[in-house]
């Protein structure tokens, strides 16, 4: 990590000379611990029971809303974290996902830079996830395109998000 006018600037060890400027540090609330089958929302209620365990810690950034109107999603790499854990962590990039035609960014967070292999693994997972979600939405009769749009910077995802205000009462779109 090198200081850069008060901002953080990182070098990726696996990609010499490739910099990730302004890697934001955010608070993330864990909603789905790594290995869990239950997806819980911010209220703690079970939203979904998965047939497969979640391969990552999955949560949300309570301060921001994504383009679909729900809390901005975040994947936290590393060991299993307990449900409800709030942690401050760096966002190294994001996955651009489309769910039912709506953009649904997933920030990729970790205490260390994301390696090229981890990035490939995340993209493989979310491409598969988008296909499965498309089948589930078809079965639920919920129209719209589902796709993984690839890797973007954390800054790009955050630029699309908006701050959560005190009046927010949950997503307007049923899941």
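I'm checking my understanding of the structure. Among residues of the stretch 26-48 that are over 23 Å from residue 102 (Cβ atoms) and touching a strand residue (DSSP E or B) at 6+ places or on another chain (Cβ under 8 Å), which one is surrounded by the fewest Cβ atoms within 10 Å (Cβ to Cβ)? Per the stated criteria, the residue is 37.
Test residue 118 against the criterion of being assigned to a helix (DSSP H, G or I), in contact with a strand residue (DSSP E or B) (Cβ under 9 Å, 6 or more places away or on another chain) and surrounded by fewer than 16 Cβ atoms within 10 Å (Cβ to Cβ), and give yes or no.
Working: assigned to a helix (DSSP H, G or I): yes; in contact with a strand residue (DSSP E or B) (Cβ under 9 Å, 6 or more places away or on another chain): yes; surrounded by fewer than 16 Cβ atoms within 10 Å (Cβ to Cβ): no.
The answer is no for residue 118.
Residue 72 meets all of the listed conditions (1) touching a helix residue (DSSP H, G or I) at 6+ places or on another chain (Cβ under 8 Å); (2) surrounded by fewer than 21 Cβ atoms within 10 Å (Cβ to Cβ); (3) in contact (Cβ under 8 Å) with a residue 60 or more places away in the chain; (4) under 25 Å from residue 169 (Cβ atoms) but one, namely (2). For the stretch 99-109, the set of residues classified as in contact (Cβ under 8 Å) with a residue 60 or more places away in the chain and either within 11 Å of residue 58 (Cα to Cα) or buried (at least 18 other Cβ atoms within 10 Å of the Cβ) (or both) consists of 107, 109, listed by residue number.
All of 145, 131, 85 fail the test of being over 22 Å from residue 30 (Cα atoms), free of Cβ contacts under 8 Å to residues at least 60 places away in the same chain and out of contact with any helix residue (DSSP H, G or I) (no Cβ under 9 Å at 6 or more places or on another chain), apart from 131. From the list 96, 112, exactly one residue is surrounded by fewer than 17 Cβ atoms within 10 Å (Cβ to Cβ) and farther than 14 Å from residue 56 by Cα. Which is it? Matching residue, one of 96, 112: 112. Residues that are surrounded by 15 or more Cβ atoms within 10 Å (Cβ to Cβ) and more than 19 Å from the chain's Cα centre (by Cα) within the stretch 125-162 comprise 137, 142, listed in sequence order.
Condition first: under 25 Å from residue 135 (Cβ atoms) and under 12 Å from the mean Cα position of the chain (by Cα). Now tell me which residues in the stretch 73-102 satisfy that.
In the first step, residues of the stretch 73-102 are kept if they are under 25 Å from residue 135 (Cβ atoms); the result is 73-75, 94-102.
Hits for the stretch 73-102 are 73, 74, 75, 94, 95, 96, 97.
Within the stretch 148-159, the set of residues being within 18 Å of residue 70 (Cβ to Cβ), in contact (Cβ under 8 Å) with a residue 60 or more places away in the chain and not in a helix (DSSP H, G or I) is empty. In this structure, residue 138 qualifies as more than 20 Å from residue 32 (Cα to Cα) and outside any loop (DSSP other than H, G, I, E, B). Considered as a group, the residues in the stretch 20-55 that are closer than 18 Å to residue 133 by Cα, out of contact with any helix residue (DSSP H, G or I) (no Cβ under 8 Å at 6 or more places or on another chain) and outside any strand (DSSP E or B) include one that is modelled with the highest pLDDT, and that residue is 36.
The values are calculated or read from the model by the stated rules, or taken from the named source; none is laboratory data. Small disclaimer: the values here were computed from a predicted structure and weren't measured. A quick note on method: Cβ atoms are made from the backbone with ideal geometry, for glycine too, and the neighbour counts reach across all protein chains shown.
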